[in-house]
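Trainee: Before I ask anything, let me first share the structure, which is written out below as structure tokens.
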Amino acid sequence: MAILDRALVRLLPAVPRTVVRRIADRYIAGEELGDAVETVARLNAGGKTATIDVLGEEVGRREEVQEITRAYLDAIEAISERGLDSNVSIKPTGLGLLLGYDVARENLEAVVRRAAEVGNFVRIDMEDASTTEDTLRIYRELREAGLDNVGVVLQARLRRTLDDIEALAELRPNIRICKGIYLEPEEIAFTGFEEIRLNYVRCLEALDSAASFVGVATHDEFLVSEAKRVMQEPYEFQMLLGVREPLGDQLVRDGARLRIYVPYGRQWYEYSLRRLQENPRIAGYVATDTLGRVLGRNGSA
Ligand SMILES: Cc1cc2nc3c(=O)[nH]c(=O)nc-3n(C[C@H](O)[C@H](O)[C@H](O)COP(=O)(O)OP(=O)(O)OC[C@H]3O[C@@H](n4cnc5c(N)ncnc54)[C@H](O)[C@@H]3O)c2cc1C
């Protein structure tokens, strides 16, 4: 990343929310379920499947947790009614993990059970390392309760991940593997770019025999080609809405399965910041937006 981009990443929290919103627009379907439904329909028409994420994380208010849980149940209904090819992705802290393990477990179970009734699937996202144990425990308990329409995420950044793959293998899990967005300390995580990549490849190799299905979540061309080399069917690629679309289009043209992560909702700020911090051209986007406003245009970077 260029020096200017790195400097801007550090300053991003100081950038006004209205500017963040405009330049992060490409990463978010909109604020309402209808926006997500339209985006998924468009993706499906282009040969891509989707996973809908209701934005909201680290929620500490019970009413808000209930709202997010309800929003997931509504999303599952809408997917069914519209005959869309999409599942949902859920952050445990959006469904109450900060209020207690049992709160998140109960809400997740309600959503997974409803999804099972209509033949859909729920992916449990993985958040920062303080939540890894609880998230894997919820996943295991749901599977042990007989729910098979649920999968979880593992992060190649974490040193523990190969052990987690081995421990989960008896469940023949459905796993999304990603690098991991949360920066974790050296003691528990690989921190170098190449180290993380290398562990990602090791995880792919381990998952190929341990998992029943693998979602290879990455926009890194090296890992895309490593996955093609290592993985036997069944697996799919997964990418984030608005990120490296030409690479995704190429994968679909080549006949690969591709699922797009489609976030929507009013709690867009934290998610947007993370996406902008990962964008290698962030300075360019902010500059174009700012210049656009100075020149009286809409800043459509
Ligand atoms: C479907 C999906 C689900 C995910 N779920 C989780 C999860 O549950 N938990 C978790 O911790 N992380 C999750 N992630 C995030 C993931 O861990 C990485 O942080 C993120 O995908 C970037 O890693 P990368 O493999 O794409 O490699 P990178 O090296 O970060 O990116 C490869 C290239 O993609 C481009 N790129 C990447 N991001 C952007 C961007 N925002 N804007 C423009 N270009 C960009 C750049 O050109 C970059 O060089 C998910 C990612 C995806 C795709």
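Trainee: Could you figure out which of (1) crowded, with 16+ Cβ neighbours inside 10 Å; (2) assigned to a helix (DSSP H, G or I) isn't true of Val243?
Mentor: Unmet for Val243, out of (1) crowded, with 16+ Cβ neighbours inside 10 Å; (2) assigned to a helix (DSSP H, G or I): (2).
Trainee: Is it true that some residue in region 219-227 is closer than 30 Å to Val59 by Cα, near the ligand (Cβ under 10 Å from one of its atoms) and free of Cβ contacts under 8 Å to residues at least 60 places away in the same chain?
Mentor: Scanning region 219-227, I find at least one residue that is closer than 30 Å to Val59 by Cα, near the ligand (Cβ under 10 Å from one of its atoms) and free of Cβ contacts under 8 Å to residues at least 60 places away in the same chain, so the answer is yes.
Trainee: Starting from region 237-251, take each residue that is in contact (Cβ under 8 Å) with a residue 40 or more places away in the chain and list its partners that are assigned to a loop (DSSP other than H, G, I, E, B) and within 9 Å of the ligand (Cβ to nearest atom), counting only C-beta distances under 7 angstrom and pairs at least six apart or across chains.
Mentor: Val243/His219
Conditions tested, residue by residue: (1) more than 12 Å from the ligand (Cβ to nearest atom); (2) of a type outside the set (Gly, Ala, Ser); (3) surrounded by 14 or more Cβ atoms within 10 Å (Cβ to Cβ).
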position	(1), (2), (3)
Leu147	yes, yes, yes
Val150	yes, yes, yes
Leu154	no, yes, yes
Glu166	yes, yes, no
Leu171	yes, yes, yes
Arg176	no, yes, yes
Glu184	no, yes, yes
Arg197	no, yes, yes
Leu207	yes, yes, yes
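Trainee: Now, a different point. Only one of these is at pLDDT 95 or above, more than 14 Å from the ligand (Cβ to nearest atom) and either surrounded by fewer than 14 Cβ atoms within 10 Å (Cβ to Cβ) or within 21 Å of Glu58 (Cβ to Cβ) (or both): Asp134, Asp125. Name it.
Mentor: Asp134
Trainee: Those residues that are modelled with pLDDT of 95 or more and closer than 27 Å to Ile175 by Cβ, I need them from region 50-73; list them, please.
Mentor: Ala50, Thr51, Ile52, Asp53, Val54, Leu55, Val65, Ile68, Thr69, Ala71, Tyr72, Leu73
Trainee: Any residue that is touching a Lys or Arg at 6+ places or on another chain (Cβ under 8 Å), part of a helix (DSSP H, G or I), crowded, with 16+ Cβ neighbours inside 10 Å and not acidic (Asp, Glu) - is there at least one of those in region 214-221?
Mentor: no
Trainee: Hey, can you tell me all the residues within region 253-273 that are exposed (fewer than 15 other Cβ atoms within 10 Å of the Cβ) and either near the ligand (Cβ under 8 Å from one of its atoms) or not in a loop (DSSP other than H, G, I, E, B) (or both)?
Mentor: Scanning region 253-273 gives Arg253, Tyr269, Glu270.
Trainee: Scan region 27-49 residue by residue and report those that are outside any loop (DSSP other than H, G, I, E, B) and within 16 Å of Arg244 (Cβ to Cβ).
Mentor: Once the filter is applied, which keeps residues that are outside any loop (DSSP other than H, G, I, E, B) and within 16 Å of Arg244 (Cβ to Cβ), region 27-49 yields Tyr27, Leu43.
The values are calculated or read from the model by the stated rules, or taken from the named source; none is laboratory data. Since this is a predicted model, take the numbers as computed values, not measurements. Cβ sites come from the backbone with ideal geometry, for glycine too, and all protein chains shown count toward neighbours.
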